[in-house]
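The values are calculated or read from the model by the stated rules, or taken from the named source; none is laboratory data. Since the model is a prediction, treat every value here as computed from it, not as a measurement. No Cβ is skipped: glycine too gets one built from the backbone with ideal geometry, and neighbour counts run over all protein chains shown. Ligands, DNA and RNA are excluded from the accessible area calculation, which covers all protein heavy atoms including side chains. Shrake-Rupley method; radii C 1.70, N 1.55, O 1.52, S 1.80 Å.
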Amino acid sequence: MTVAGLIALELVAGVAATVAWLGSGAAAAARRAGLALALFCVAVAASLARAGTALALAPAGWWFVQEKVTLTLPLLVAAVLAASVLAAPRLVAAVRARGGSSSDAAVVVPLLGAGYAAMAGPAVTLLVGYPATWSTGLVTVALVAGAVLVTWRAVSASVPGLRVTAAVALATGLAGAGLVFVPAEATDTGGGPQAAMEPHATRAHAAMAAHSTGAHSAMGTGASSASDSGHAGSGQPVTALRGPSTPAAGGEVRRFTLTARTATITLSSGREVAAWTFDGRVPGPPITAAEGDLIEVRLRNADVTSGVTLHWHGYDVPSGEDGVPGLTQDAVMPGQEFLYRFRATQVGTYWYHTHEVSDRGVKMGLYGMLVVTPRETAKEGADLTVPVHTFAGKIALGDHDQPFEQRVAPGAPVRLRLVNTDNTPHQFTLSGTPYRVAAIDGRDLNGPGELSRTTLRLPAGGRYDLVFPMPTAGAVLRADDRAGTLRLTPDGAPPAPAASATEDTSGWPEFDPLSYGTPAATPFGAGSRFDRRFTLVLDQGLAITNGRPAYAHTVNGHAFPSIPTQLVREGDLVRVTVVNRGRETHPWHLHGHTVLVLSRDGHAPTGGPLLLDTFDVRPGEVWEVAFRANNLGMWMNHCHNLSHADQGMALHLAYEGVTTPFHGAHGG
Ligand SMILES: [Cu+2]
């Protein structure tokens, strides 16, 4: 069984045990001793099943079982033992005596108490997640004890030591609740050296960060404190980390102006959609350049009242050009503008999008393609970008929400650049021709083999480049089975749909990029000596995000802006473990850096080196990736399901000594 399956099974067993224990107690109280005994047996079986699944989950990693092993299973075991010793013999006797004294407190209280203890399992897993802390433990024990006392008092005229026990439970609960307000550390050094600032200053500013209401990020306060206290050494503001003003030798200056404005756009079916656009178009105007060019984009905002920025997804631009409002710039408000400049150093398929209220902004249409080609490119053939996006519940490829056709000369080279601009994965199939995945996330793959009858699952934000010679009988690209369709038709052929257009692709197996291509040497790998190691455990739980308590998407039990900032130094080799113990896929995205995949669920890739900027961490998965800290600045590190980022799943990665003058950081 998969890890995700075990996680779900453990929850189901936990709920079943809770219901059975509570049912057994209620039946006993109602003098239904036979039913109570039967439910007792079910409850014991469900409790054992829960313990068994938790143990089966343990080999997947401590993160998956921490709260169970340290808290909820010991609580359950104690309660089950108490119920078995105290209640079970009396229940058996009552059944034998046909309606004896099953409603005694000595029977009812242990059974219901086991129910409360059992309930703590799924409750802590769902509401707190990872990691369960002392605070979680004290509050949980106090709540269970309090519930037992209330029950006991309800079924019995006198409870020995009631006042003292109640006082102890209350004090325990209050102590646990109080611990919630102990501020978290503002930074995580990943085992590397701490930044050059006084330890007490770090503490004080950590407290400030924890008490901030979202107007300040943990990073903002932490980093500016470094310069305030005069220990930042070579401190420099992120606003000084800008791109060059000239192209590389042989390159040209490519100038673009993008104006953000609200508009009603018309999709190919004639359907009208209220959108936020660049230049009245969705996707926005494509930005194209050749390697070495200087890309200069003037962003203007006409009337998008929440503000707009440009983030170059997957492009490792200088930090000051990265377009994160509140961190690298202020959002561009109506009437304002901002000039972005960076060199086209990476060849490949990328995209741009707003990073201000980005969940809403990107959904509404504030995105476009960024494609950089080698300086010498053959002009023949077809080079098509195919961004997939969901408009009000309906999938479109580009602005085509109906099947559309592209004519290509037979035999000509075709490159399809698939881009997922949505929050969730999309499945693509290509029928009618074998093909290769030449690049993922803009980076060329080593020795990509021929594929056919395969489903490609693109993570949110991810890109796949497919290449093939145009077949004489045509080919069909589909997104999500039939929701979006591009027909490639040979020049001169009649427009009748090719046979491949009706092919059933729904059962095609899924492509795994970790086993694709040919292995090759990499500058570093799993065996390298790492300067910093970070672990991000992704979950859901109660947390404060953006100043409000919420059922948030959390990282290590915290939500933005309270997740400790990852601190690195220029040149560090950094290893990051990303664990998903939640129930949804999280497309992880670090700005400004490309990561090398070291392993997934403990298995190293068997194919070519895999360099990504966005990787789907599915429920139950553990990914290990590494990167060289070679792009000085302050960066977002977040889930690219932008709705998850908005609900807390975002943090910062900061280089020691870099400061930000902005104080309004957003989750994305
Ligand atoms: Cu997510």
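A few remarks follow.
- The label point for Ala154 and the one for Val69, both projected 7 Å from the Cα toward the Cβ, are 3.6 nm apart.
- For Asp601, the accessible area of its heavy atoms, probed at 1.4 Å with every protein chain present, is near 80 square angstrom.
- Sparse-neighbour loop sites [trypsin sites (Lys or Arg not before Pro); the stretch 508-575; at most 15 other C-beta within 10 Å; DSSP]: Arg529
- Fully extended contour minus Cα-Cα distance, from Ala604 to Ser452, at 0.36 nm per residue: 52.3 nm
- Compactness relative to 2.2 N^0.38 Å, alpha carbon Rg of the stretch 243-377: 1.04
- Extension gain, Arg163 back to Met333 (0.36 nm per residue minus Cα-Cα distance, nm): 55.1 nm
- Listed residue (Leu327, Asn637, Gly270) projecting farthest to the positive dipole end of the chain, Cβ model: Asn637
- Within the stretch 243-377, antiparallel bridges make up roughly 65 percent of the DSSP beta bridges whose residues both belong there.
- C-alpha center-to-center spacing [the stretch 519-575, the stretch 26-99] in angstrom: 38
- Along principal axes, Cα extents of the chain, largest first, whole Å: 92, 68, 51
- Solvent-accessible ranking of Thr606, Thr565, Thr522, largest area first, probe 1.4 Å: Thr606, Thr522, Thr565
- Among the GluC sites (Glu not before Pro) within the stretch 343-452, those in coil by DSSP and having at most 10 neighbouring Cβ atoms inside 10 Å are Glu376, Glu380, Glu450.
- Percent of beta bridges antiparallel (DSSP, the chain, rounded to nearest 5): 70
- Surrounding net charge for Leu73, when Lys and Arg each add one and Asp and Glu each subtract one, Cβ distance under 12 Å: 0
- For the set Thr454, Thr472, solvent exposure ranked by accessible area (probe 1.4 Å, protein chains only) runs largest to smallest as Thr472, Thr454.
- Protection proxy ranking for 410-418, 90-98, using the average of other Cβ atoms within 10 Å per residue and placing the highest first: 410-418, 90-98.
- Structural descriptor for the chain: relative contact order 13 percent, calculated from alpha carbon pairs under 8 angstrom and at least 6 residues apart.
- Of the peptides 579-585, 181-187, the ranking by mean beta-carbon count within 10 Å, highest at the top, reads 579-585, 181-187.
- FRET E, pair Asp303, Ala550, Förster distance 41 Å, beta-carbon r, rounded to 0.05: 0.85
- Surface composition of the chain: carbon and sulfur make up 59 percent of the accessible area, probe 1.4 Å.
- Antiparallel DSSP beta bridges within the stretch 513-611, as percent of all bridges there, nearest 5: 60
- With R₀ set to 51 Å, the beta-carbon distance separating Asp504 from Ala248 gives a calculated FRET efficiency near 0.55.
- Per residue solvent-accessible surface (Å²) - the chain, probe of 1.4 Å: 39
- Scanning the chain for long hydrophobic helices, with DSSP H runs required to stretch 30 angstrom or more by C-alpha along their axis and to average at least 1.6 on the Kyte-Doolittle scale, returns 3-29, 33-57, 105-127.
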